[in-house]
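The values are calculated or read from the model by the stated rules, or taken from the named source; none is laboratory data. Not measured: the values here are computed from a predicted model. For neighbour counting, all protein chains shown are included, and Cβ atoms are generated from backbone atoms with ideal geometry for every residue, glycine included. These accessible areas exclude ligands, DNA and RNA; they are computed on the full protein's heavy atoms, side chains included. Shrake-Rupley method; radii C 1.70, N 1.55, O 1.52, S 1.80 Å.
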Amino acid sequence: MSLLTKLGTFEFLTKYSFYVELNLGWNDSDAYFLECQGFTRTQDVIEICEVTSQKWADASKGKPVITKLPGNAKSGNIILRKGLTVSKNYWDWFEEVEAGKWKDKRKNIYMAIYNQERNERARFLLNGAWPTSYKISDFDANSHEIAIEEMEIAFEEFQREDPRVMGYF
């Protein structure tokens, strides 16, 4: 396969062309997010130290050998920011979880990333999402900026889906 053919399947995606779908069961027309951050997936490292029977320098015991193994995978929380509106949807969701209804109020969040032609090229799924914090921006009488509503959201599972397989393009 030529280098040009390989480069044809290689495409950089921009960070400004995205859509986050979070359906709270209400009219979600006010759910256009300005910013989304914190997508992380990590895997713990387990270190096991073993002592071999092989002599090591002047030591009376064997040689220590450290082996690193993959441990538990975990996902970090995300932060969603949007313009503050008169809608209380996100506040109500936070209050319901705070009141102990978190099991019934977990949601799935989808994030789609688009290329320059506005075609969906990447899709992420966050299962079992629920809000951990709610915040609004500071207010300043000298400012002309819009007020921002911010939610930190925990989730149980983080997957990257292939939009081609899902039929998105």
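Please verify whether MET151 is modelled with pLDDT of 90 or more, of a type outside the set (Gly, Ala, Ser) and in a strand (DSSP E or B), treating the condition exactly as stated. Yes; evaluated as a whole, the condition is true for this residue. Filter region 119-134 down to the residues that are under 18 Å from LYS74 (Cβ atoms) and of a type in the set (Ser, Thr, Tyr) and list them by number. Within region 119-134, THR132 is the sole residue that qualifies.
Here region 86-99 is the region considered, the condition is being open to solvent by 50 Å² or more (accessible area, probe 1.4 Å) and either in contact (Cβ under 8 Å) with a residue 12 or more places away in the chain or part of a helix (DSSP H, G or I) (or both), and the residue that is farthest from GLN37 (Cα to Cα) is ALA99. A single member of LYS105, LYS135 is among the charged types (D, E, K, R) and at pLDDT 90 or above, and it is LYS135. Please indicate, with yes or no, whether at least one residue in region 69-77 is assigned to a strand (DSSP E or B) and surrounded by 14 or more Cβ atoms within 10 Å (Cβ to Cβ). Within region 69-77 (the criterion being assigned to a strand (DSSP E or B) and surrounded by 14 or more Cβ atoms within 10 Å (Cβ to Cβ)), the answer is yes, since at least one residue qualifies. Of the residues making up region 127-148, those that are open to solvent by 100 Å² or more (accessible area, probe 1.4 Å), under 18 Å from ARG81 (Cα atoms) and assigned to a loop (DSSP other than H, G, I, E, B) number 5. Residues that are out of contact with any Lys or Arg (no Cβ under 9 Å at 6 or more places or on another chain) and under 19 Å from TYR32 (Cβ atoms): does region 66-77 have at least one? Checked region 66-77: no residue is out of contact with any Lys or Arg (no Cβ under 9 Å at 6 or more places or on another chain) and under 19 Å from TYR32 (Cβ atoms). Of everything in region 100-131 that is without any contact (Cβ under 8 Å) to a residue 24 or more places away in the chain and of a type in the set (Asp, Glu), the residue that is farthest from GLN37 (Cα to Cα) is ASP104.
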